[in-house]
Structure formats: C-alpha cells, structure tokens
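Note sheet for the following structure.
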Amino acid sequence: MARHLILNAGQLLTMAGPDAARRGREMASVGLVRDGAALVEDGIILAAGLRDIVLRHDKAASAKIVDAGGRVVLPGFVDSHAHPIFASPRLSDFEARLKGATYAEIAQSGGGILSTVNGVRGARQEQLAAGLARWAQRFLECGTTTLEAKSGYGLDLETEIKMLRSVAGAGGQTPLQLVPTLLGAHALPPELKDRREDYVKQVCEEMIPAAAREKLARFVDVFCEQGFFTLEEAARIREAAARAGLGFKIHAEQLSRSGSVGMAVKGLAVSADHLDCADASDIKNLAEGQTVSCLVPGSNYFLGKPYPPARRLIDGGAAVALATDFNPGTCPCWDMRMILSIACTQMKMTPAEALTAATVNGAWALGLGKSHGSLEPGKAGDLICYDAEDYREIPYYFGSTGVVWTMKRGAVVHSTEAPRL
Ligand code: NIG
Ligand code: FE
C-alpha cells in the first residue's frame with residue numbers, strides 16, 4: 001500500500017468548492033491554505049488542507065513524507081484540449097506564415113492539417129504511441145497530469161482508429177492520464193474533398209460506432225468552421241456521438257462565427273473550445289448552460305491573432321477552462337505555465353482564475369470533474385509542487401517551467417530534486 005504525506009506546502013491550493021465547474025466569480029477562489037498538507041493513499045486523496053488537521057488523520061503517522069519545502073502545491077494541470085499525436089512538426093507552414101500566409105491559405109496550398117495527415121497515415125501505430133509517450137514526459141515535467149488526446153490526422157476509418165489505439169498504447173508507457181477524443185471531422189480527406197456527404201456519413205456511421213464499440217474514445221469533436229464542417233454537419237455528428245454513448249466537444253467560433261455555440265450548449269457538449277469569434281449571444285448561452293468554455297490562447301499567440309473574450313466570459317458568468325491545444329499547426333507548446341502567462345497578460349484573467357481554469361475547470365471540460373482537478377478527499381492524488389512561495393508567481397514568471405515535482409495518482413513521476421524522505 002502506497003501512502004504519502006505531503007508536508008510543508010507554504011501555500012496549498014486545494015481548489016475545493018462546489019461539485020461543478022467554477023463559473024464567473026467562483027473562479028477567483030483557489031481554496032488557499034497556508035502551511036498545508038495532503039495525505040494520499042493508493043492514488044487517492046484521503047485528506048488535504050491545514051497541516052494540523054491532516055496530521056490528525058489516523059493514517060498520517062505511517063505515511064512516507066514528501067517535503068514541499070514551503071513552496072506552492074496545487075492539483076496537477078488537466079489539459080483538456082490537445083492534438084498530441086503527429087509524426088513531425090510543420091516547419092514550412094511556420095515559415096510561410098511568418099512571410100504573411102494565413103492559416104487558411106497554408107491549408108489550401110497543401111500544408112496545414114493535410115500535411116500532418118500524410119505523416120500520420122504513413123506511420124505505424126507503435127511509432128505514434130512511442131511519439132505520444134515521449135511528448136507525455138514533457139507534459140509531466142510541466143505539471144500536467146491529465147491530457148486529452150484527439151485523433152483527427154487520419155481522416156479515414158483505419159487511420160483514425162490507429163490513432164486512437166496509439167493513445168491506448170501510449171497509456172501503457174506513461175503515467176500521464178490520456179483521455180481519447182475522436183476528431184474524424186477535423187478536415188475533409190483529400191480523396192473525398194468533392195464528396196463531403198460521403199465523408200460525414202463515414203464519420204457518423206462508421207468511425208463513431210467503431211470508436212465506441214472498441215471503447216477507444218470518450219468524446220467526439222468536430223472542427224466547425226468555414227472550409228471545414230458546417231453547423232448542420234456538426235449537429236449530425238453530435239447526434240451520432242450521443243447515439244453511440246460518447247460525449248461531445250467542439251472547435252467553435254475559432255476563425256469565424258458559425259453559431260455552433262448555441263447548438264453545443266443545447267446539446268450538452270462538455271466543452272466549446274477556442275471561441276475567438278464568440279459574440280454576446282454566445283457568451284450568454286455559455287453563461288446559462290452547462291458547457292465549459294475552453295480557451296486555448298497559445299494558438300492565438302502562435303498565429304498572431306486576437307485573443308478570445310476571456311474577461312467577458314468570466315464576467316458574464318461562464319465557466320472557463322484553459323488548455324494548450326498542443327498540435328503541430330497552431331500551438332506547439334506543452335507547457336501550461338506559458339498558457340497561464342498568456343491568459344493573464346493578454347486576456348486579463350487573474351492568476352487565481354487562470355489556475356482554476358487549468359485545473360478544476362479543465363477536469364470538468366474533460367468530464368472528470370468529480371474525480372480530478374481539486375485536492376479533496378476521494379479525488380485523484382494528482383499534485384504538483386511549484387518552485388514558488390506565492391501562487392501568483394506561477395503565471396508571473398515565464399520562459400521556463402518551475403515545476404519541482406509532479407505526483408500522479410500518488411506516485412512522484414517527475415522530480416527535479418530527490419524528494420526529502
Ligand atoms: O485546434 N482548429 C483545428 N484544429 C487545430 C489545429 C490543427 C492543425 O493545424 O493541425 C486547432 O487549432
Ligand atoms: Fe484544437
């Protein structure tokens with residue numbers, strides 16, 4: 001039986017609170033405890049909070065001590081939007097964009113998503129799994145303990161399933177928890193570019209049922225955007241996901257406004273993501289509904305585009321999550337600290353709101369809110385220790401990660417120092 005007692009957290013951010021995604025003003029509360037402690041047994045938190053109270057737990061005395069050295073301890077980041085399965089970076093796209101080409105122009109000229117599709121189609125499942133496991137190590141080093149993994153670079157039944165199987169394969173090679181999402185509707189495959197109806201049918205009638213049957217995906221996602229999938233097609237894909245018993249996420253209002261937020265909220269999507277072009281009615285819908293607004297400002301940074309309306313969403317009462325959107329085209333960044341920095345400096349989120357967005361609200365955006373994202377009894381023992389005395393230092397410093405150690409399900413899976421035993 002593995003039992004750990006984390007002691008001497010100068011600031012422990014429990015993120016304790018209501019059993020729901022934090023919305024509006026609730027996002028300002030991080031459950032700050034000074035001189036905090038946490039007791040974790042077999043991967044599950046038994047107690048977290050004031051040192052003296054945690055020490056009174058009858059199992060505290062027999063636990064192995066992990067000394068946080070007076071630093072900040074918080075829940076591991078839950079990165080709820082990422083495309084981490086690909087064969088190679090898109091360096092020519094990067095250069096073309098620096099010379100003025102837009103994301104859409106690059107896609108039309110054979111770069112973009114389709115160039116990654118070529119690479120993924122040509123890769124073996126084991127190669128994809130090994131590549132994902134390598135990225136996973138970098139995420140753990142930056143404090144991410146749970147990561148979404150979207151398919152979407154296969155665009156045919158066989159390759160989409162191969163991608164999802166590679167997530168399962170990588171899951172056996174890394175302690176990072178991977179949550180698979182089927183994104184068959186990421187782009188039209190080149191071979192069906194003039195037969196979009198055939199492809200939408202394939203997604204709805206073949207891919208989604210196959211992914212559900214093999215239990216390879218938890219969610220279905222769609223890129224609802226001009227030149228990609230229409231609102232009507234996205235709605236059909238949502239219905240097919242529901243029929244198969246899978247949850248729904250959507251790339252919504254990213255490059256242009258399609259009206260997909262209304263459909264997503266009504267259809268109980270777990271999250272609506274990007275939202276760069278969301279308008280006042282979308283914000284109202286998100287504030288009144290259950291769908292989490294997942295913002296991925298690393299992609300705006302990388303593409304040099306205006307940021308999504310984080311302030312208006314939070315002030316309007318929405319639940320905002322922050323994710324990396326890690327992918328080779330729009331955000332080659334796995335470090336949540338960078339995303340927190342951008343969220344604060346560019347979108348004017350407060351440090352507390354940003355940390356709430358990257359932990360507890362990230363968990364709700366992945367359907368894991370009841371078991372992840374906060375340090376409360378019964379939840380996963382996923383914690384990080386940051387080299388900081390004050391949690392506001394986390395989004396304040398940027399340019400290198402400050403994670404001292406990462407604990408996943410009660411085991412230290414990354415450390416820059418030998419834990420003092
Ligand atoms: O979240 N918007 C669509 N999908 C990704 C980009 C994928 C790519 O360019 O490879 C995104 O930005
Ligand atoms: Fe994305």
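Some observations on this one:
- The set of residues from region 183-235 being among the basic types (Lys, Arg) and either within 16 Å of ligand 1 (Cβ to nearest atom) or more than 26 Å from Gly262 (Cβ to Cβ) (or both) comprises Lys193, Arg195, Arg213, Lys215.
- Listed by position, the helices (runs of 4 or more DSSP H) enclosed by region 27-140 that each have at least 1 residues that are assigned by TED's automatic domain parsing to the domain that holds Thr359 are 91-98, 103-108, 112-121.
- Test for Leu39: is it more than 23 Å from Glu353 (Cα to Cα) and without any contact (Cβ under 8 Å) to a residue 40 or more places away in the chain: yes
- Output for region 163-191, where each listed residue is more than 21 Å from Val270 (Cα to Cα) and surrounded by 23 or more Cβ atoms within 10 Å (Cβ to Cβ): Met163, Ser166, Ala170, Leu176, Ala187
- Residues of region 200-215 that turn out to be within 13 Å of Leu155 (Cα to Cα) and touching a strand residue (DSSP E or B) at 6+ places or on another chain (Cβ under 8 Å), as a count: 5
- Single residue of Ala252, Ala240, Ala310 found to be closer than 20 Å to Ile113 by Cβ, touching a residue at least 24 places away in the same chain (Cβ under 8 Å) and aliphatic (A, V, I, L, M): Ala252
A quick yes/no check of all residues on (1) over 14 Å from Gly76 (Cα atoms); (2) touching a residue at least 12 places away in the same chain (Cβ under 8 Å); (3) assigned by TED's automatic domain parsing to the domain that holds Gly10; (4) among the polar types (S, T, N, Q):
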site	(1), (2), (3), (4)
Asp382	no, yes, yes, no
Tyr386	no, yes, yes, no
Glu389	yes, yes, yes, no
Ile394	no, yes, yes, no
Gly399	yes, no, yes, no
Lys408	no, yes, yes, no
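- In region 210-233, the residues that are assigned to a strand (DSSP E or B) and within 20 Å of Met163 (Cα to Cα): Phe219, Val220, Asp221, Val222, Phe223
- Boolean, Ala363 is crowded, with 23+ Cβ neighbours inside 10 Å, at pLDDT 95 or above and farther than 14 Å from Gly76 by Cβ: no
- Yes/no for Cys294 being surrounded by fewer than 24 Cβ atoms within 10 Å (Cβ to Cβ) and at pLDDT 95 or above: no
- Condition met for Glu141 (among the charged types (D, E, K, R) and over 20 Å from the mean Cα position of the chain (by Cα)): no
- For Ala211, the conditions (1) free of Cβ contacts under 8 Å to residues at least 40 places away in the same chain; (2) out of contact with any Cys (no Cβ under 7 Å at 6 or more places or on another chain) are fulfilled apart from (1).
- Selection status of Val117, surrounded by 17 or more Cβ atoms within 10 Å (Cβ to Cβ), modelled with pLDDT of 95 or more and more than 16 Å from ligand 2 (Cβ to nearest atom): no
- Filter result for Arg218 (among the basic types (Lys, Arg) and either within 16 Å of ligand 2 (Cβ to nearest atom) or touching a strand residue (DSSP E or B) at 6+ places or on another chain (Cβ under 8 Å) (or both)): yes
- Single condition Met347 does not satisfy, out of (1) touching an Asp or Glu at 6+ places or on another chain (Cβ under 6 Å); (2) under 30 Å from Tyr103 (Cα atoms): (1)
- The sole residue among Gly154, Gly169 that is within 16 Å of ligand 1 (Cβ to nearest atom) and either not basic (Lys, Arg) or not assigned by TED's automatic domain parsing to the domain that holds Ala240 (or both) is Gly154.
- Number of the condition not met by Arg124 [criteria: (1) crowded, with 24+ Cβ neighbours inside 10 Å; (2) over 22 Å from the mean Cα position of the chain (by Cα); (3) among the basic types (Lys, Arg)]: (1)
Each row is one residue, and each column tells you yes or no for (1) under 26 Å from Leu13 (Cβ atoms); (2) within 16 Å of ligand 2 (Cβ to nearest atom); (3) of a type in the set (S, T, N, Q).
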{"site": "Val54", "(1), (2), (3)": "yes, no, no"}
{"site": "Lys59", "(1), (2), (3)": "yes, no, no"}
{"site": "Asp79", "(1), (2), (3)": "yes, yes, no"}
{"site": "Phe94", "(1), (2), (3)": "no, no, no"}
{"site": "Gly100", "(1), (2), (3)": "no, no, no"}
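- Residues of region 258-275 satisfying the condition of being without any contact (Cβ under 8 Å) to a residue 24 or more places away in the chain and more than 19 Å from the chain's Cα centre (by Cα): Gly262, Lys266
- Selection count where residues are surrounded by fewer than 21 Cβ atoms within 10 Å (Cβ to Cβ) and within 11 Å of ligand 1 (Cβ to nearest atom), scope region 83-93: 1
The values are calculated or read from the model by the stated rules, or taken from the named source; none is laboratory data. Keep in mind the model is a prediction, meaning the values are calculated, not measured. Note that we place each Cβ from the backbone using ideal geometry, even for glycine, and neighbour counts take in every protein chain shown.
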